[in-house]
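Colleague: Below is the structure I would like to discuss, written out as structure tokens.
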Amino acid sequence: MEILFVASELAPLSKSGGLGDVAAALPAALAARGHAVSVVSPRYGSIDPARHGFEAVHRAIRVRGEPASLWVRRRGGLAHYLVEHEHYFGSRRGLYGDQQHEFGDNAERFAYLCRAALEVPAAFGLRPGILHLNDWQTGLAAWLLRHEHADDAVLRSTRSVFTIHNLAYQGVFRKEVLPALGLPWDVFRFDAMEFHDRLNFMKAGLVFADALTTVSPTYAHEIQTAEGGEGLDGLLRHRRRDLTGILNGIDHQEWDPATDRHLPAHFDAHALAGKHACKRALQEELGLPARADLPLVAMVGRLADQKGMDLVLAALPDLMRRELQVALLGSGRRDWEEAFAGAAREHPHRLAARLGFDEGLAHRIEAGADIFLMPSRFEPCGLNQLYSLRYGTVPVVRRVGGLADTVQDFDGWKQGTGFVFADYDPRAMLAGLRRAKEAFRDKRAWNAMLRRGMAQDYSWGRSAARYEALYDGLLR
Ligand code: ADP
């Protein structure tokens, strides 16, 4: 099959969260299964394409009459195209905004990405059977495919798939931008892109794509409810027959405790000594006492409402009285950053807070921690609990979205890979942590549990096979 994949992030070149990882790994896994996959993404200012083996193709396409250049890199069945636009992408450091604000022209920027992506096939001799779109930044392409490109020789029979990585970010803009985007007022209808008198890019994808997917079966169900639907649950219920949940995988090369280049020592399920060494080194790195007997509870992630850090902050006074250590790596909400930094100053032997984005430290935390805490309010899939399982770090998670689909609650005896709690409440979270702390004391049961986690297979191969089956169904 020929697949054209469009995403606004592409790790390691650009990444704000799980989307960037997926845009790198899924196309690679599909290419490894014998498909020809082309990925289109912006060339942000932070990316030096030449350093990553890209070559420039000048004036390769025209977008609304204006010539545009692309950067191209081909490796076997996988091709990457970076769209060059100095004003929209090249001059920007952040992907969607700077520290304080979203960029004011995000509608224009990502409409441009969508239009550019659909010009790639004709310019480079591609004939994609499938156009795979991801999140609001690419939603408009589903409409463009059906309307502006309906009669294209190369796109006429292309079917589209739109994947929701996070329904909370929808790309909602003032309707007045419509003319500047080159769109007819016709699209501003409740059964198209109108949303409470504003323009909604995510909705374009949800209405006009042939198939919809999201990144876990439980999230696929949750977004069809009023609580989880972010105002689009009605539409998602309407399209439920076209909606599937397919779990994300993780990159087994990048995240392998036996070879991870970020770690001071290595380990696997049969030889855990390296994990103890990683814990000691991590405690030193974070300035925590090097105590093997205390469970080290860790968190890594964006400090956004979604991630449930208000539960952790509410529980901190209680946590700081317990015999455990807490490590946090994250950035986002200023008030939460300040609250964690303040608490860390107050409890330097109990709590370490690293505010910022640090790929290497994220790996060392996954390896060196005993317990990984994810009390998310909602979680489409979540990658960190999957990394934790693979690194012998026992997840304590709230039963939502992908967390519910990937962590099995410990039965106190022989089954389970982690601890699952239900209520969005600090006491429920503390009860989950208390169970984990008790289990930690029984070394044999604990090691058996983390080995069960390490034996799980959440590699991309399985997920890619499911996408392949979905594409197959669409083309038949
Ligand atoms: P989301 O996409 O909602 O942010 P995921 O769990 O799906 O959450 O993916 C988050 C990804 O970003 C993971 O690979 C995680 O390790 C990484 N990450 C998040 N915050 C940080 C940080 N501060 N430093 C390093 N890596 C981070």
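Colleague: Run the reach check for K279 against lysines, Cα to Cα strictly under 26 Å, same-chain hits fewer than 8 apart removed. What comes back?
Modeller: Straight-distance partners of K279: K307, K414, K437, K443.
Colleague: Can you tell me the length gained on complete extension of the stretch R75 to W185, counting 0.36 nm per residue apart and subtracting the Cα distance?
Modeller: Length gained between R75 and W185: 35.4 nm.
Colleague: Given a Förster distance of 25 angstrom, what is the FRET efficiency for A226 paired with D197, based on the Cβ-Cβ distance and rounded to 0.05?
Modeller: 0.75
Colleague: Taking 7 Å along the Cα-to-C-beta vector as the label spot, tell me the L475-R451 distance in nanometres, rounded to one decimal.
Modeller: If labels sit at L475 and R451, their model points lie 4.3 nm apart.
Colleague: Turning to a different aspect of this structure: Separation between the R174 and D242 pseudo-spin-labels, each 7 Å from Cα along Cα→Cβ, expressed in nm?
Modeller: 3.1
Colleague: Test of understanding: what is the full-extension gain from R127 to T259, defined as 0.36 nm times their sequence separation minus their Cα-Cα distance?
Modeller: 43.6 nm
Colleague: A further question follows. At 222 nm, what helix-only mean residue ellipticity would the chain give, in deg cm²/dmol to the nearest 500, using -39500 (n - 2.57) for each DSSP H run of four or more?
Modeller: It comes out at -10500 deg cm²/dmol, rounded to the nearest 500.
Colleague: Another one. Give me log10 I(q)/I(0) at q = 0.12, 0.14, 0.15, 0.20 Å⁻¹ for region 273-454, Debye formula, one equal scatterer per alpha-carbon, no solvent.
Modeller: Taken in order of the listed q values, log10 I(q)/I(0) reads -0.48, -0.67, -0.78, -1.56.
Colleague: Take each uninterrupted DSSP H stretch in the chain, measure its Cα extent along the helix axis, and return the ones at 15 Å or beyond whose mean Kyte-Doolittle hydropathy is at least -1.0.
Modeller: 18-32, 106-124, 273-286, 426-441, 443-454, 460-475
Colleague: Then there is this: Quick check on packing: order 303-314, 46-57, 433-444 by the mean number of other C-beta atoms within 10 Å, highest mean leading.
Modeller: 303-314, 433-444, 46-57
Colleague: Considering only DSSP beta bridges whose two residues both sit in the chain, what percent are antiparallel, to the nearest 5?
Modeller: 25
Colleague: Right, next: Multiply the residue separation of A271 and D442 by 0.36 nm, subtract the distance between their alpha-carbon atoms, and state the gained length in nm to one decimal.
Modeller: 59.7 nm
Colleague: Relative contact order of the chain: what whole-number percent is it, with Cα pairs under 8 angstrom and at least 6 residues apart?
Modeller: In percent, rounded to a whole number, it is 11.
Colleague: With labels modelled as points extended 7 Å from the Cα through the Cβ direction, what inter-label distance (nm, one decimal) is found for D335 paired with E55?
Modeller: Label-label distance for D335 and E55, simple model: 5.4 nm.
Colleague: Sorted by average packing, counted as other Cβ atoms within 10 angstrom per residue and highest first, what order do 400-410, 194-204 take?
Modeller: 400-410, 194-204
Colleague: Place the peptides 458-464, 161-167 in order of packing, highest mean first, counting for every residue the other Cβ atoms within 10 Å and averaging per peptide.
Modeller: The peptides rank, most packed first, as 161-167, 458-464.
Every read-out reported here was derived from the displayed coordinates using simple, explicitly stated rules and does not represent laboratory data. Source: prediction; values computed, not measured. Cβ sites come from the backbone with ideal geometry, for glycine too, and all protein chains shown count toward neighbours.
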